[in-house]
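**Q** Dumping the structure here so I can ask a few things about it.
The values are calculated or read from the model by the stated rules, or taken from the named source; none is laboratory data. All values derive from a computational prediction rather than experimental measurement. Neighbour counts are summed over all protein chains in view; Cβ atoms, including those assigned to glycine, are modelled from backbone coordinates with ideal geometry. Please note that ligands, DNA and RNA were not included when accessible areas were found on the heavy atoms of the full protein model with its side chains. Shrake-Rupley method; radii C 1.70, N 1.55, O 1.52, S 1.80 Å.
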Amino acid sequence: MKHLFAAGLMAASLMTSLPALAQDKLSVMLDWFVNPDHAPLVVAQEKGFFKEAGLEVTLTAPADPNDPPKLVAAGGADLAVSYQPQLILQVAEGLPLVRVGTLVSTPLNSVVVLRDGPVKTLKDLKGRKIGFSIAGFEDALLGAMLEKHGLSLKDVELVNVNFSLSPSLLSGQVDAVVGAFRNFELNQLDIEKHPGRAFYPEEEGVPPYDELILVAHKAKANDPRFKRFLAAVERATLYILNHPEESQAVFVKGRPELNDELNRRAWADTLRRFAHSPAALDAERYTRFAEFLKARGLIEKVAPVDQYAVVVK
């Protein structure tokens, strides 16, 4: 027993004297300022899951939300948070990008009106003003939703309201907005005592898609760091699902601006939408959505999925 005890002490001494394993650095550009959509990334950071995976991860909010994929394509960051529709459009334009993981696996985008307003169905949008933020995908999405109800984009007036979706609706500048995230704008309107009504694209003729994804430079698709990164994100996602209140406390630690009513509501509404297996890929789903974009005239051809979306090995 004495010999075993001595051997144990020696092993412990050797372990404590070994240098700490070097951490591989990994830079991630967010799509916008930190918000509950990024919870798995923040929790993985705060709980030390990235560190335990041998990674030193930096999460950076962009000055311009259009920049992150372009920065990755130019080699300015390792990963960027982006969106499946934008990825397909950008790859068609020639950007060397590839999807390597998923954060939010359901659409968040929606068409929103005021609940007590005159629009009860999408058909009631005829002749009305609709605010949007991003030209291209959003009007294609809206057009598909309207067609299901016998209307077209010619039957409505599109107004560029930039990112002032809720304010433009509340002020009466527009009768509806497209591009409103159902986990944010609906809560924001409710807090302002003007509840909204949402129409969901996936219920109105638009194929379902992954809202938030992680993209990398195509030449680095199988970077060995990504597999460890995604495993840590999956670990954080499961921790959030198992411990939502504790996770929310971790999420707002050092970020008091995220502990307001809007973000607390958004947190609760976003939890069930996180991808339970961030590395998994449904290639057929990606193909269906690419075919939708082609039918709407946004891309010329449907590329093979493995050219722009992969399962990291």
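**Q** Taking all protein chains as present, what is the carbon and sulfur share of the accessible area of the chain, in % to the nearest whole number, probe 1.4 Å? Walk me through the intermediate numbers first.
**A** Values: 8260 of 15180 Å².
After summing per-atom areas, the C and S share lands at 54 percent.
**Q** Would you be so kind as to identify which of PHE199, LEU212, VAL174 lies farthest towards the positive end of the dipole of the stretch 151-223, taking Lys and Arg as +1 and Asp and Glu as -1 on Cβ and the Cα centre as origin?
**A** Checking the options against the dipole of the stretch 151-223, the answer is LEU212.
**Q** Past 31 Å, Cα to Cα, is the threshold; run LYS47/LYS294; LYS148/LYS313; LYS70/LYS154; LYS25/LYS253; LYS218/LYS301 against it and keep the listed order.
**A** Details: LYS47/LYS294 42 Å; LYS148/LYS313 41 Å; LYS70/LYS154 33 Å; LYS25/LYS253 23 Å; LYS218/LYS301 19 Å.
Pairs exceeding the cut-off: LYS47/LYS294; LYS148/LYS313; LYS70/LYS154.
**Q** If you don't mind, there's one more thing I want to ask. Name the residue farthest towards the positive end of the dipole of the chain from the options THR270, LEU298, LEU158, assuming +1 on Cβ of Lys and Arg, -1 on Cβ of Asp and Glu, about the Cα centre.
**A** It is THR270, whose Cα lies furthest towards the positive end.
**Q** What does the extension gain come out to for SER277 and ALA219, with contour length at 0.36 nm per residue minus their alpha carbon separation? Spell out each step's value before the answer.
**A** Working: separation 58, 0.36 × 58 = 20.88 nm, distance 2.34 nm.
So the chain would gain 18.5 nm between SER277 and ALA219.
**Q** For THR287, what accessible surface area do you get with a 1.4 Å probe? Give it in Å², rounded to 10.
**A** Answer for THR287: close to 40 Å² accessible.
**Q** Rounded to the nearest 500, what is the 222 nm mean residue ellipticity of the chain from helices alone, with -39500 (n - 2.57) per DSSP H run of 4+ residues and division by all residues? Before the final figure, lay out each step's value.
**A** Details: 12 runs with 119 residues, N = 313.
Result for the chain: -11000 deg cm²/dmol, rounded to the nearest 500.
**Q** Given labels modelled 7 Å from the Cα in the Cβ direction, how far is it in nm from THR121 to ALA74?
**A** In this crude label model, THR121 to ALA74 measures out at 4.9 nm.
**Q** Assign one of three labels to the stretch 196-291, namely rounded, prolate or oblate, based on the Cα gyration tensor with a ≥ b ≥ c the square roots of its eigenvalues; rounded applies when a/c is under 1.5, prolate when it is not and a/b is larger than b/c, and oblate otherwise. Don't jump to the answer; show the numbers that get you there.
**A** Values: a/c = 2.26, a/b = 1.17, b/c = 1.94.
Since a/c reaches 1.5 but b/c is at least a/b, the shape of the stretch 196-291 is classed as oblate.
**Q** Let me check something: with ligands and nucleic acids excluded, how do LEU89, LEU26 order by accessible area (1.4 Å probe), largest to smallest? Write out the running numbers ahead of the final one.
**A** Working: LEU89 30, LEU26 5 Å².
The ranking, largest first, comes out as LEU89, LEU26.
**Q** Follow-up. Can you tell me the orientation of helix 283-295 relative to the chain, as the angle in degrees between its alpha-carbon axis and the longest Cα principal axis, to the nearest 10?
**A** Here the helix axis deviates by roughly 30 degrees.
**Q** Averaged per residue, what accessible area in Å² does the stretch 109-203 show with a 1.4 Å probe, protein chains only? Display every interim value, and only then the final one.
**A** On the way: 4300 Å² over 95 residues.
Roughly 45 Å² per residue, with all protein chains present.
**Q** List, largest first, the extents of the alpha carbons of the chain along their principal axes, each in whole Å.
**A** 88, 45, 32
**Q** Loop only by DSSP, 15 or fewer other Cβ within 10 Å of the Cβ. Give me the GluC sites (Glu not before Pro) in the stretch 248-313 that pass, ordered by residue number. Don't skip to the end; give the middle numbers.
**A** On the way: sites: GLU257, GLU261, GLU284, GLU291, GLU300; in loops: GLU300.
Sites meeting the loop and neighbour criteria: GLU300.
**Q** How much of LEU95 can a 1.4 Å solvent probe reach, expressed as accessible area in Å² and rounded to 10?
**A** 50
**Q** So if I place +1 on the C-beta of Lys and Arg and -1 on the C-beta of Asp and Glu, and nothing else carries charge, what would the dipole magnitude of the stretch 109-203 be about its Cα centre? I want it in debye, nearest 20.
**A** Details: 11 positive and 13 negative charges, 47 e Å.
Rounded to the nearest 20 debye, it is 220 debye.
**Q** Only Lys, Arg, Asp and Glu count, each charged at its Cβ (+1, +1, -1, -1), so figure out the dipole size of the chain about its Cα centre, rounded to 20 debye. Present the calculation step by step, with values, prior to reporting the outcome.
**A** Details: 35 positive and 39 negative charges, 126 e Å.
Its charge dipole is roughly 600 debye.
**Q** Mind checking which aspartates and glutamates have their C-alpha under 13 Å from LYS126, skipping anything on the same chain fewer than 8 residues away?
**A** Once the sequence-local aspartates and glutamates are set aside, what remains near LYS126 is GLU147, ASP155, GLU157, ASP175.
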